[in-house]
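Contents: one structure, followed by commentary.
Read-outs throughout are calculated quantities, based only on the coordinates presented, and are distinct from any laboratory measurement. All of these numbers come straight from a predicted model, not from anything done at the bench. Using ideal geometry, Cβ is built from the backbone for each residue, glycine included, and neighbour counts are taken over all protein chains shown.
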Amino acid sequence: MNLFQGFRLAFKSIVSNKMRSILTMLGMIIGVGSVIIIVGLMQGVTNYIVDSFSDMGINMISVRVTNTGTRHVDEADMFEFVSNNPDVFDSVTPLVTSSFTIKNGTASIENETITGTAETYEKMNNLTLSTGRYINYADIKNRKAVCVVGTYVVSELFETNNVLGKTIKINGEPFTIVGIIEESEDSEEGSADDCVYAPYTKIARMSYTGTISNYSFATYGREYVEDGEKLLDDFLYEKLLDEDLIKISSMTSLLTTIDKMTSTLSAVLGGIAGISLLVAGIGIMNIMLVSVTERTQEIGIRKSLGARRKDILSQFIIEAGSISAFGGTIGILFGASLVIFIGNIVGVNAAPTVGSIILSFSISVGIGLIFGYMPAKKAAGLNPIDALRSE
Amino acid sequence: MEQGKIEEKPLIELIDLCKIYVTGDEEVRANDGINLKIMNGEFVAIIGKSGSGKSTTMNIIGALDVPTSGKYILGGIDVSQMKDDELASIRNKMIGFIFQQYHLLPKLNILENVELPLLYAGKGKAARKEAAMAALDQVGIKHKWHNFPNQLSGGQQQRVSIARALAGNPSLILADEPTGALDSKTSKEVLAFLKKLHDGGTTVVLITHDHSVALQANRIVRLYDGKIIFDGPTDEYIEFESKLDNNLYG
């Protein structure tokens, strides 16, 4: 008896006991479905987190140095470092942040964070301007009193949106607005729209900052971050000769931690769902045992006609395997559609992962074979005389 | 000469055959020293009341069971010590069963039922169909090949089971109460068919408790309490039976 005939027999048996087969498969459908849903959703959530981090600069490395009287690093060193490592680093900007009161006539915002940056900052942080331009090299070189503002600032200080070229006072000093950042978060306070950018040279002077200690480096991508961190560490250590004076951090290292956490979580949840596969396997074993009892006479007839143990064994194992594989396939379809559906509702781009499909399908077939073995062995071991006599 | 010698070799040889069943403390000697030779091409009826040991004998002859002691030689092969799978192969190649309850598989159609022994013999699809169709043709039911057993009458079902027994071209047809579930007219048809098989050279062993059925055979073996109390031609049996003490042998 070959495999194909085994499948034909199994199919006949499944079809002739539709209700029972469906109920038996239900366990497998739920088990496989939930594994796919959980793994898919977790993957979706992870992707969502990664994406959000990418917006925040997944390719960026932040550096904070503490300059001492004898040893120090300044922006010229940093620019030179970047141009010396062109295969890893794209650009760098010094960052000088300071809180000032900003005013337009009587309208004012207290303790507004002013970020002093280089011209590279715009590209590094994917800033989109709705109008005007970003701070340029000339502004920085000449410490010009120009600024780029977010829509929150515009709405707080002006009655009109048409503010390009207008002047605001930062800490009493007049700054010309040269650009406006496109609204991204409904102009809420504290959001990305609540921002003021100015030349770092100007802000450093206004805040009496001597040597600049904060920098943001852009690498060519997430995969360069690790190398970049190492290069930076070596370079800065050479300059400052003290690890405590150097602080290097990146989103990527945080992300790696998050990645690890979510995949552990996904494995744990998937494993819990996997327990239902085990329960489904027991269901299959149960129904196969019933089936063997019911079909004792059939087994006797087959044996009297010359079926060997392995013929009967394979017939029942294939039947159990087919039920669970069929259930598993339905479970995959069910899980895959549900994971996309739930993903849409939750707002996560969740999709069934190829890994989880292959894994849960093979587990379901494997479970069918393992749990089908015991009943099949029982069937194969039946005495043909007793089996023939049973009604 | 050579041909004649082969004819003389028994198909079935039972030597001091004993089968003992133990139930609790009780020991039942279902077969108690049976010696029997059946030649190729014979038509033998094994007859006996229930409890006489005829079912046990039939199980052993049919290679469904092995004796506790003694020997069973089928076609020159000692099958008395064989393992399950070896017995299965003997059944498959050498024996065609006809059962009282037909024992057709309800979920398979007639053709698939008849193909079963060929399937277990490892025959290919085309060869199976050809042999099964030929067997169905032989019992005159070829046109119903796609029907299912429950769509056929009892007589037709028994004919299908005969076709199934014939399909593997066995040396021995073993019929266990083949007419037990049939009316007298159909019974006659089935018996006539077994006779026809015998006329064609097939060895037929018929197990029955019904004298009128047994009388269709050429030779009768009567069992009582696990022993053979008569073994001879049918006409001698009629004489034997008339002298039999009915109180003793029931």
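Values computed for the structure shown
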{"item": "Point-charge dipole on Cβ atoms (K/R +1, D/E -1) for the range A:95-218, about Cα centre, debye to 20", "result": "900 debye"}
{"item": "Sequence-distant residues sharing a close amide H with B:Thr203 (under 5 Å, placed H)", "result": "B:Gly41, B:Ile173"}
{"item": "Gaussian network model of chain A, springs between alpha carbon atoms under 10 Å - residue of A:Leu305, A:Leu245, A:Leu359 with greatest fluctuation", "result": "A:Leu305"}
{"item": "Theoretical gain in end-to-end length, B:Cys18 to B:Lys195 [0.36 nm per residue, Cα-Cα removed]", "result": "60.7 nm"}
{"item": "Pairwise FRET efficiency - B:Glu86 versus A:Arg20, Cβ, R0 = 22 Å, nearest 0.05", "result": "0.05"}
{"item": "Value at 222 nm in deg cm²/dmol, rounded to 500, when DSSP H runs of n ≥ 4 in chain B each add -39,500 (n - 2.57)", "result": "-11500 deg cm²/dmol"}
{"item": "log10 of Debye I(q)/I(0), alpha-carbon scatterers only, for the range A:95-218 at 0.18 Å⁻¹", "result": "-0.90"}
{"item": "Relative contact order (%) - the range A:95-218, alpha-carbon pairs under 8 angstrom, separation at least six", "result": "35 percent"}
{"item": "Under the span-like rule (Cα at least 30 Å along the axis, Kyte-Doolittle mean at least 0.5), DSSP H helices of chain A", "result": "A:18-55, A:251-294, A:309-346, A:354-380"}
{"item": "Highest-fluctuation residue, A:Ser98, A:Ser304, A:Ser250 considered, GNM on chain A with Cα pairs under 10 Å", "result": "A:Ser304"}
{"item": "Leading residue at positive end of dipole, the range A:185-296 (Cβ point charges), from A:Thr257, A:Met288, A:Gly270", "result": "A:Met288"}
{"item": "Where labels lie 7 Å past Cα in the beta-carbon direction, separation of B:Lys188 and B:Val28 in nm", "result": "3.7 nm"}
{"item": "Residue-averaged 222 nm ellipticity for chain A, from DSSP H runs of 4+ at -39500 (n - 2.57), nearest 500", "result": "-19500 deg cm²/dmol"}
{"item": "Computed lengthening from A:Ile275 to A:Lys12, 0.36 nm per intervening residue step minus Cα-Cα distance", "result": "91.7 nm"}
{"item": "Cβ-placed point charges (K, R +1; D, E -1), dipole of the range B:6-144 about Cα centre in debye, nearest 20", "result": "660 debye"}
{"item": "Most mobile of B:Ser212, B:Ser69, B:Ser55 in a GNM of chain B (Cα contacts under 10 Å)", "result": "B:Ser212"}
